[in-house]
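To keep things clear, I will list the structure first and then write my remarks on it.
What follows draws every value from the coordinates through simple rules; no lab data is involved. Owing to the predicted nature of the structure, the values given are computational and were not obtained by experimental measurement. Please note: Cβ atoms are built from the backbone with ideal geometry, for glycine as well, and neighbour counts cover all protein chains shown.
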Amino acid sequence: MAAFVHTCYRVRDIDASLAFYAALGFRVRGRLEFDTAYNVYLGLPGDGDVLELTVNVGRSERYDLGDGYGHIALTVDNLDMLLERLAAAGIEPDRPPYAPGGRSEYRICFVTDPDGYRIELIDGGEFRTPVDEPPGV
């Protein structure tokens, strides 16, 4: 049996990253030191350490995210209230909230962290992946 543990992002400025993720509700849970790098583990209330931020000491240039990276997604209880708190911290969504695929049952928007990683914010707390029924079902 497998269980999802965490996602790892490589970041340049740990203070900027920690401020960004704290604004989304993440809290630091631990730190692990290596010779030339260190990891900071973050979690959300009621969840495990789901995000690992790796800092390679001395790196100043931005990481190449490539064309394969998409995003991580978080459900939030009230998207509008969160966006107000984020705006107060200087964090704006990539575009205003919208209903993807015309599905009115939920709204989403994306924010981008200091290193360019995108985070999808899904309004409404509990989320179920929308599935289109195949024809004839």
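Quick notes on this structure:
- Any hit, region 13-32, residues being among the hydrophobic types (A, V, I, L, M, F, W, C), in contact (Cβ under 8 Å) with a residue 60 or more places away in the chain and more than 27 Å from G124 (Cβ to Cβ): yes
- Checked against (1) exposed (fewer than 11 other Cβ atoms within 10 Å of the Cβ); (2) part of a loop (DSSP other than H, G, I, E, B), Y63 passes all but a single condition, namely (1).
- Each residue in region 66-91 was checked for being touching a helix residue (DSSP H, G or I) at 6+ places or on another chain (Cβ under 7 Å) and part of a loop (DSSP other than H, G, I, E, B), and 2 of them qualify.
- Residues of region 30-46 that are surrounded by fewer than 12 Cβ atoms within 10 Å (Cβ to Cβ) and part of a loop (DSSP other than H, G, I, E, B): F34, D35, T36, P45, G46.
- Any hit, region 111-125, residues being hydrophobic (A, V, I, L, M, F, W, C) and either part of a helix (DSSP H, G or I) or more than 14 Å from L24 (Cβ to Cβ) (or both): no
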